Every structure is written in C-alpha cells, then in structure tokens.
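Asker: Attaching a single structure in structure tokens format; questions to follow.
The values are calculated or read from the model by the stated rules, or taken from the named source; none is laboratory data. Please read these numbers as outputs of a predicted model, since none were measured by experiment. Cβ placement follows ideal geometry from the backbone for every residue including glycine, while neighbour counts extend to all protein chains displayed.
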Amino acid sequence: KQKFASSNADITDIASAGLAAVLGRGADPDAILAAAEMGVELKGHVARPVTAELLARYDTVIVMDYLNAADMAARFGDFSEKVFLLGLPLGRPLDEVSDPQDTSIETVRACFAAIAARLDELFGSSAG
C-alpha cells in the first residue's frame, strides 16, 4: 500500500494472501529487514490464506510464479480471469519471481528488488 500512495494508478485497495499461508503468522525476520531497507513496514504484517471470499473482493490478483498461477487455477478456477503472473504484463512470460521463504537475506533482498522493479514498470516509478 505504501508503494502506491503517490502513484497515478487507480488503486483503491491492496491485500496480501498466500496459498500456503498460516493465518496469523507474522512476517519472516529477513523479510521485515529487507522491506525496511526499501522503506516498507512489515512488522505488523499478519499472514492470511487465499479464500474465494477474498478473491471475490478484488479485480486483479497478481501471483509471482507459474506454480502459484497453476495452484490458483486448480483451487479457485472461477477466478482465473483475474489472475496474472507479475511479469506477464511486461511481456516477460518466463520471468518469474521466486518465493524467498527459507532462504538467505540476500535472496530475500533480490526478490523484493525484483517485485519493486516489476511494480514500478507496471504502475510508474513513483510506485517504487
């Protein structure tokens, strides 16, 4: 949400949810650190799983990799037209962003940088 506050994108609500999320679990300490380095606060982030009710509230769902896209299609096929791979709108169909869970802080930083770069390209550099 912080990344889009000053952008020109017509975004009224942003949410985060995961296909393997454990409800109520906090962000990984490395993710908190890497996000803080980019000016994003994750200390209060609480995980929640993807649900059909949550998907119904949003016009667009962005996933980071093909595995998540396939899992979304298998579990929530009614919402397939809303699901986009983060790199696809940029004309990079093989350009996935891997989940940095259980990796090094360097990998988490690289993941966050990749996400920020793609969001900047999609919504303008003021989003980054």
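Asker: Considering only residues of the range 68-90 that are farther than 21 Å from A117 by Cα and aliphatic (A, V, I, L, M), which is surrounded by the fewest Cβ atoms within 10 Å (Cβ to Cβ)?
Answerer: A74
Asker: Same structure again: Residues of the range 37-55 being among the small types (G, A, S) and part of a loop (DSSP other than H, G, I, E, B), which ones?
Answerer: If the condition is that a residue be among the small types (G, A, S) and part of a loop (DSSP other than H, G, I, E, B), then G39, G44, A47 are the ones that fit.
Asker: Let me ask another. Any residue in the range 48-63 that is more than 28 Å from S104 (Cα to Cα), free of Cβ contacts under 8 Å to residues at least 12 places away in the same chain, in contact with a helix residue (DSSP H, G or I) (Cβ under 8 Å, 6 or more places away or on another chain) and not hydrophobic (A, V, I, L, M, F, W, C)?
Answerer: There is no residue in the range 48-63 that is more than 28 Å from S104 (Cα to Cα), free of Cβ contacts under 8 Å to residues at least 12 places away in the same chain, in contact with a helix residue (DSSP H, G or I) (Cβ under 8 Å, 6 or more places away or on another chain) and not hydrophobic (A, V, I, L, M, F, W, C).
Asker: Return yes when A52 is over 17 Å from the mean Cα position of the chain (by Cα) and either closer than 25 Å to R25 by Cα or basic (K, R) (or both) and no when it is not.
Answerer: yes
Asker: For the range 101-128, give me each residue that is part of a loop (DSSP other than H, G, I, E, B) and at pLDDT 75 or above. Outline the logic, then answer.
Answerer: Within the range 101-128, the subset part of a loop (DSSP other than H, G, I, E, B) is 101-104, 124, 128.
Within the range 101-128, Q101, D102, T103, S104 qualify.
Asker: Can you tell me which residue among A27, A52 is surrounded by 13 or more Cβ atoms within 10 Å (Cβ to Cβ), of a type in the set (G, A, S) and over 24 Å from E121 (Cβ atoms)?
Answerer: It is A27.
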